[in-house]
1. Once you compute Rg and the Kirkwood Rh from C-alpha atoms, what is the Rg to Rh ratio for the chain?
2. Treat each spin label as a single point 7 Å out from the Cα along the C-beta direction, and report the Arg68 to Leu10 distance in nm.
3. Please compute the length gained on full extension between Lys30 and Asp17, using 0.36 nm multiplied by the number of residues separating them and subtracting their Cα-Cα distance.
4. Which parts of region 58-100 would a label at Asp117 reach, counting a residue when its backbone N lies under 14 Å from a point 7 Å out along Cα-to-Cβ?
5. Using a 1.4 angstrom probe on the protein heavy atoms only, could you order Arg202, Arg5 from most to least accessible area?
6. Report relative contact order for the chain in percent, whole number only (criteria: Cα-Cα under 8 Å, sequence separation at least 6).
7. Taking the chain as a whole, which cysteines find no other cysteine Cβ under 4.7 angstrom from their Cβ?
8. Pick out the long, greasy-scoring helices in the chain: whole DSSP H runs spanning 15 Å or more along their own axis by Cα, mean Kyte-Doolittle at least 1.0.
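The values are calculated or read from the model by the stated rules, or taken from the named source; none is laboratory data. Small disclaimer: the values here were computed from a predicted structure and weren't measured. Because the Cβ atoms are built from the backbone with ideal geometry, glycine has one as well, and the counts that use them run over all protein chains shown. Only protein heavy atoms, including side chains, enter the accessible area calculation; ligands, DNA and RNA are left aside. Shrake-Rupley method; radii C 1.70, N 1.55, O 1.52, S 1.80 Å.
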Amino acid sequence: MARGRIQKALSGFYYVDTGGEILTCRARGKFRKDGVSPLVGDWAEVRELGNGEGFLEAVCPRKNAFARPAVANIEQLVVVASGAIPRTDPYLIDRVSAIAALKGCGVVVVLNKWDLDPAEDLYAIYRAAGFPTFRVSAKTGEGLAELSAVLSGRLSAFTGNSGVGKSSILNALEPTFSLPVGEVSQALGRGRHTTRHVELFRLSCGGEAVDTPGFSSFDTEELDLELKRRLPETFPEFCPYLPECRFVGCSHTREKGCAVLEALRRGEIQLSRHKSYLRLYEELKPLQDWQERKK
């Protein structure tokens, strides 16, 4: 029996890095019976069959897990955005960062295409919100050394809207990867999906990175009752003010005596971030307890 990390899951096969080799594995039928899906990033026990093949016998306890993209044990989510075409809507960043916070996963904001647009507004928003925020250019290499230092020794998942350059950044960090990259449509202002599956790569800085499809894969499966109940605390800049609200159960939307709204008025919380909070609040409001019991 060997222990390894799942690097890729594709067409019913799991590719497990045991340290000495990568085994191509099938999963035991008991996984389906128990309702467990092995995920990229999982540590797993595998039985070696020889000739580079094996069977997945068990999945080790996880730090966290995301439904889509299907990844586990992520230490930090690297949200790649852009001020150039395609320009990233801050709400997309805020939605994903709230989900990450709920799962105990750090968030790093990376603003790519610095050579085309410095994304001053996005840089100001996320620096003020307390997120590690970097401006880089996959084309010129600017800022990549600083990003590499943040990736060192951690398992990071890269995500972002299509066309912002997730795969291009990984290629720039590690030219041997040769990940496919797509062109951005000038007319539509968005890119084509080039990452079709989730895959984990080792970085020479000592970290590991997972390349994932774009934001569209972060769908409503991640918007659940737990996020509804804990939404305010998933916005880290709200946290110092939450105990100061006049009423228990304050929604931080329009109440008198709301410390979060007072901080917003004083400019201590970014307006863009609070707008995203309100949008998420409205999205989550219809969820009822019976929906969780049904699951």
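1. Here the Rg-to-Rh quotient is 1.00.
2. Here the modelled spin labels are 2.1 nm apart.
3. Taking Lys30 through Asp17 to full extension adds about 2.5 nm, to one decimal.
4. Residues 81-91 fall inside that zone.
5. Per-residue accessible area, sorted high to low, gives Arg202, Arg5.
6. 15
7. Cys25, Cys60, Cys105, Cys205, Cys239, Cys258
8. Taking the DSSP H segments of the chain (at least 15 Å long, mean hydropathy at least 1.0), we get 90-102.
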